[in-house]
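Derivation of every value follows stated rules applied to the coordinates shown; laboratory data play no part. Bear in mind the structure is a predicted one, so any value in this text is a computation, not a measurement. Virtual Cβ from ideal backbone geometry, glycine too; neighbours counted across all protein chains shown.
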Amino acid sequence: MSDARLPLATRLWFAWVCFFRVLFDPGFASRAFAARALPSGAAEPTAPERRAPEERAPRAVAREPAKPVAPDGAALAHAREEGSLQLLALLQREGRLVDFLQQDVASFDDAEIGATARVIHEGCRKVLRAHVELRAIRAEEEGARVTLAAGFAASEIKLTGNVGGKAPYTGALRHRGWRADRVTLPTPVDGYDAAVVCPAEVEL
């Protein structure tokens with residue numbers, strides 16, 4: 001748009017024309033009213049250019065923020081099952097625990113069972129120390145008298161004997177309990193099948 005100044009006569013004529021346009025043309029009046037606030041040299045706002053339907057700019061659509069997806073129940077159950085089987089496989093590999101539990105030991109004498117249990121104990125203890133960090137739930141010695149206040153964690157403490165009434169409860173600690181603070185299992189390799197607790201062995 002040219003910034004050349006209009007002569008006085010032209011401006012007088014243009015003002016006279018604008019007077020009647022503003023008076024009788026509502027559209028022109030609206031544009032002129034909007035143009036009066038524009039800085040000097042700025043272009044007059046024009047009506048939006050018409051476009052074919054396929055050329056129109058897409059309208060912005062307000063979208064709600066994505067909600068966190070809850071873990072799938074079946075996936076969580078599968079992960080827990082796979083982790084349990086993996087730990088069982090480690091106990092079998094190091095301590096032959098599954099072999100021992102699957103065997104009928106009724107015909108064995110105490111000495112034979114004791115010797116076997118020593119080997120199994122050593123291997124299984126090795127697995128637990130390497131992959132599971134355990135701590136006692138109660139710090140007191142077994143047999144000590146303890147008092148359980150109201151609101152104690154029922155998942156961590158099991159009441160036995162003559163249970164009745166409401167907390168606080170006082171009784172003898174029969175077992176300190178165990179809690180796993182950390183479990184670190186090996187990362188499965190390609191082709192790993194958690195259901196295979198112990199593969200069959202064929203000697204050639």
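Neighbours of Gly95 by Cβ distance under 14 Å: Lys/Arg scored +1, Asp/Glu scored -1, total +3. Placing a pseudo-label 7 Å from each Cα along the Cα-to-Cβ vector at Phe33 and Asp99 gives an inter-label distance of 9.7 nm. Each residue of region 190-204 was assigned a 3J(HN,Hα) from its phi angle through the Karplus expression (A = 6.51, B = -1.76, C = 1.60, θ = phi - 60°), giving 4, x, 5, 10, 5, 5, 8, 5, 8, x, 6, 10, 10, 8, 9 Hz with x at Gly and Pro.
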